[in-house]
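Worksheet: one structure, shown below.
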């Protein structure tokens, strides 16, 4: 197994909150979970035994720092390509971040957003809507073919 630290957000995106600030844990976790889902989309939802992305809390003097780690199994080097790691959020991630931050804001201020989002509990606990329809189909195809081509080049049968 090989591990690669990827940070908690795409490299060209500005940090929303510094370690040690109020709500850092919540916002950094939202960023890291969104980044993990973005990586799953970009690498076409790889089998977990080959490549998986984990959100980790790394202890620091100011609490914990959050990061996404790529864990590469036996054929993980074929599935993973460091050059394919996105530098910016995609459309789905942007919607997910907005939704998650609105839920955090609502929970902090005791607001009930259920009339605006899918019902499912108290504010901050609703299920995230599926934003896959906002992604450009060409982008989806490009991610898929990047993975398929890497697998073909390595001589691995695509299932």
task: Scan the stretch 47-59 for residues that are closer than 19 Å to residue 30 by Cα and surrounded by fewer than 18 Cβ atoms within 10 Å (Cβ to Cβ) and jot them down.
output: 54, 55, 56, 57, 58, 59
- line: Per the filter on the stretch 11-24, residues buried (at least 16 other Cβ atoms within 10 Å of the Cβ) and out of contact with any helix residue (DSSP H, G or I) (no Cβ under 9 Å at 6 or more places or on another chain) are 24
message: Which of the strands (runs of 3 or more DSSP E) found entirely inside the stretch 1-114 contain at least 1 residues meeting this: modelled with pLDDT under 95 and more than 30 Å from residue 149 (Cβ to Cβ)?
response: 51-60, 63-72
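The values are calculated or read from the model by the stated rules, or taken from the named source; none is laboratory data. Just so you know, these numbers come straight off a predicted model, no measurement behind them. All Cβ positions, glycine included, derive from the backbone under ideal geometry; neighbour counts span all protein chains shown.
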